[in-house]
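Student: Quick one: the structure is below, and I'll ask about it shortly.
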Amino acid sequence: MLRKDFVTAMISAPALTRALASGNPQKPRRNKGGTKKLVVVFLRGGNDGLNTVIPIESTQYARYAALRPRIAIPIQNVVPLQGTSFFGLHPSLQPLQPIYNNGHLCFIHCVGYPNPDRSHFESEAYFETATPGNTLVDGWLNRLLQFGPSAGGLIRGICIGSQLPQSLLGSYSVPVSSNFGNIIIGGDDENPHEGNQILESILSGTPTPGNEAVYATGNAIFQMVNNFSDRNYNNYVPENNANYYESSAQIGRRMRHAAQMLKETPSPLNIELAVIDTGGYDTHSGQVVGAPERTDVGHGSLLRDLARAMKAFYTDMGPTRMQDIAVMVISEFGRRAYDNDSNGTDHGTGGVAMVMSHNINNRTLGSANWPGLSPGQLYQGDDLMWVHDFRNIYGEILTSHMGYDAGTVSSILNGYSHSPIGIY
């Protein structure tokens, strides 16, 4: 992490000052065991839910295949799922099958919100503020970080990447980096940490009148740097032979660093939230290259990299840690029910979400109230209709996993009162 990453840390300075200035920070909130943690993965571009979790019931599959003559996954290549004869998985998601079989993974189909919008910018903003149709700036995950017994007492959340998503914008500032363990302010090859040392020496003195806030901010940042000093991405060795395929997949690198930052070894950090973005899902063309079932190109390669990263994270963290962790995967919308002439799909409505967590109750959601793929059942004649409001997924994770009460969850969701959909 070089100068650009330090700048992103500086953007977070006011909240870091409040969070770190206290010499005796409060303990993180706990619920039925250890500190509950959440990883949020946003698939930017609009993931094609119909080719991710495929309706294989005979009537629905026939309609699916007819709508998608160029890109439909052949029925013989669909990965079967225990306990359902209605849904199966894209072959690229094969690595997730054992996690699903263990009862630790839920696929939620037909995810959306009232009055759907097919614009990336609008729909992303709705998902990230948890308020469809809004003009808000602050994000729902930032509001999450403002609540709880430890609010303001720790660096509770991080973003792994190059810039903060809207979900993390707000009064509780959050550091962002691709390698939190290698913050370098300046220097040269002979002494790369010279800038750190010089500035830290300056800030260790008595603040000059009128500059107390600057000194407090600088010292807070250095405390953060010191706290993260044993989390250099390049030195991390995953446990249990977990393979993130990080050399070829950005999502693998980011999930790998999330595991490193969420572990309480070699030193406790008490981070409760890690947010990851990954792109490429706007598959207007080339969603399928060659055979639709291929896993090494197009949409298949995106899902392959995601599945590998999720499996590696699950393996790396191990069963004990995973009892306290939930991973939620979301995207701003699904794609059109029918394919286009470019072997792709255009912006749609109902999409797919995933929750990897302990004590999953229903491993698939969406078949009981499946809206159908007949022409009269499609939204505006084009899209799989939405059924599950994404805010109900957020709310159920916040209550059943994170342990927040209904009133707090309503505040986090900007006044929305959620209804559990049966994940837990």
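Every number in this text was worked out from the coordinates using simple rules, so none of it is lab data. Predicted model, so just to flag it, every value in this text is computed and none were measured. Every residue, glycine among them, receives a Cβ derived from its backbone with ideal geometry; neighbour counts consider all protein chains shown.
Student: Would you mind getting me the FRET efficiency between T208 and S411? Use the beta-carbon distance for r and R0 = 60 Å, nearest 0.05. All intermediate terms of the calculation are to be shown ahead of the outcome.
Tutor: Details: r = 40 Å, r/R0 = 0.67.
Taking R0 as 60 Å, the efficiency between T208 and S411 is 0.90.
Student: Please list the radius of gyration and Dmax for segment 357-414, considering alpha-carbon atoms only, with Å as the unit.
Tutor: For segment 357-414, the Cα-based Rg and Dmax read 15.1, 42 Å.
Student: In nm, to one decimal, how far is the N115 label point from the E264 one, both placed 7 Å along Cα→Cβ?
Tutor: Placing both labels 7 Å beyond Cα along the Cβ direction yields 4.6 nm.
Student: Within 10 Å of each residue's Cβ, count the other Cβ atoms and sort S342, S419 from fewest upward.
Tutor: Numbers: S342 14, S419 11.
By the 10 Å Cβ count, ascending, the order reads S419, S342.
Student: Could you calculate the contour length gain from Q223 to N369, that is, 0.36 nm times the residue separation minus the distance between their Cα atoms, to one decimal place in nm?
Tutor: Numbers: separation 146, 0.36 × 146 = 52.56 nm, distance 5.09 nm.
This chain segment gains 47.5 nm when fully extended.
Student: Just grab the label-to-label distance for E239 and Q323, each label 7 Å out from Cα along the Cβ direction, in nm (one decimal).
Tutor: Those two pseudo-labels are separated by 1.3 nm.
Student: Does segment 60-105 come out rounded, prolate or oblate, given a ≥ b ≥ c as the square roots of the eigenvalues of its C-alpha gyration tensor, rounded meaning a/c under 1.5 and, failing that, prolate meaning a/b above b/c? All intermediate terms of the calculation are to be shown ahead of the outcome.
Tutor: Numbers: a/c = 3.34, a/b = 2.00, b/c = 1.67.
Prolate.
Student: Compute the Cα gyration tensor for segment 222-267, then decide on rounded, prolate or oblate, letting a ≥ b ≥ c be the square roots of its eigenvalues: rounded whenever a/c is under 1.5, prolate when a/b is larger than b/c in the other cases, and oblate in all that remain. It would help to have the intermediate numbers written out before the result.
Tutor: On the way: a/c = 2.63, a/b = 1.74, b/c = 1.51.
Note, shape of segment 222-267 comes out prolate.
Student: Ok, one more. Taking segment 240-399, how much of its Cα-Cα pair set, in percent, is spaced more than 25 angstrom apart? Please report the intermediate quantities before stating the final value.
Tutor: On the way: 5284 of 12720 pairs.
In whole percent, the share of Cα-Cα pairs in segment 240-399 beyond 25 Å is 42.
Student: Let me ask something else. How do E122, E246, E264, E332 line up, fewest other C-beta atoms within 10 Å first?
Tutor: Numbers: E122 16, E246 21, E264 12, E332 28.
Ranking E122, E246, E264, E332 by Cβ neighbours within 10 Å, fewest first, gives E264, E122, E246, E332.
Student: Right, here's the next one. Within a 10 angstrom radius of the beta carbon, how do H284, H401 rank from fewest other beta carbons to most? Numbers along the way, then the final one.
Tutor: Working: H284 15, H401 23.
Arranged by neighbour count, lowest to highest, H284, H401 become H284, H401.
Student: Roughly what would the spin-label model give for Q377 and Q94, points 7 Å off Cα along C-beta, in nm?
Tutor: Once both label points are built, they end up 3.0 nm from each other.
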